[in-house]
1. What does a probe at T12 reach in segment 35-51, counting residues whose amide N is under 13 Å from the point 7 Å along Cα→Cβ?
2. Which of the trypsin sites (Lys or Arg not before Pro) found in the chain are loop residues per DSSP with 16 or fewer other Cβ atoms within 10 Å of their Cβ?
3. Could you list M11, M1 in order of exposure, starting from the residue whose Cβ has the fewest other Cβ atoms within 10 Å?
4. Once every DSSP H run of n ≥ 4 in the chain is given -39500 (n - 2.57) and the sum is divided by its residues, what mean residue ellipticity at 222 nm do you get, rounded to the nearest 500 deg cm²/dmol?
5. Place a +1 charge on the Cβ of each Lys and Arg in segment 1-71 and a -1 charge on the Cβ of each Asp and Glu, then give the dipole magnitude about the Cα centre in debye, rounded to the nearest 20.
6. With a 10 Å cut-off between alpha carbons and a GNM built on the chain, which of D42, D22, D56 moves the most?
Amino acid sequence: MISTTYTVLGMTTSADARAIKDSLSAVAGIGAVTTEIVPGGDSIVTLKHTDDVAPDRADIEAKLREAGDYALRNRPGL
């Protein structure tokens, strides 16, 4: 398994983390989801998946919207 890490906006509480974890666990090919709340900073979501699965950013963003008022931080240059 390998990991892909994303910065998530709006995840500030354990309830947020649970909602995000539950939603992202439903993405095809994702084996595990971990969250890290950073008070006053950028919170982190890490997806574990096999090396032959590349998480689709659009799928991740859609699942975050389904879970609540969450979004991926835009990457520099994009």
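We did not get these values from a lab; they are worked out from the coordinates using the rules stated. If you're wondering where the values come from, they're calculated on a predicted model, not measured in any experiment. No Cβ is skipped: glycine too gets one built from the backbone with ideal geometry, and neighbour counts run over all protein chains shown.
1. Under cut-off, by backbone N: 38-43.
2. Working: sites: R18, K21, K48, R57, K63, R65, R73; in loops: R73.
When the trypsin sites (Lys or Arg not before Pro) of the chain are filtered for loop state and at most 16 Cβ neighbours within 10 Å, R73 remain.
3. In increasing order of surrounding Cβ atoms, one gets M1, M11.
4. Numbers: 2 runs with 22 residues, N = 78.
Helix-only estimate at 222 nm: -8500 deg cm²/dmol.
5. That gives a dipole near 140 debye.
6. Maximum fluctuation in the GNM of the chain, among the listed residues, is at D56.
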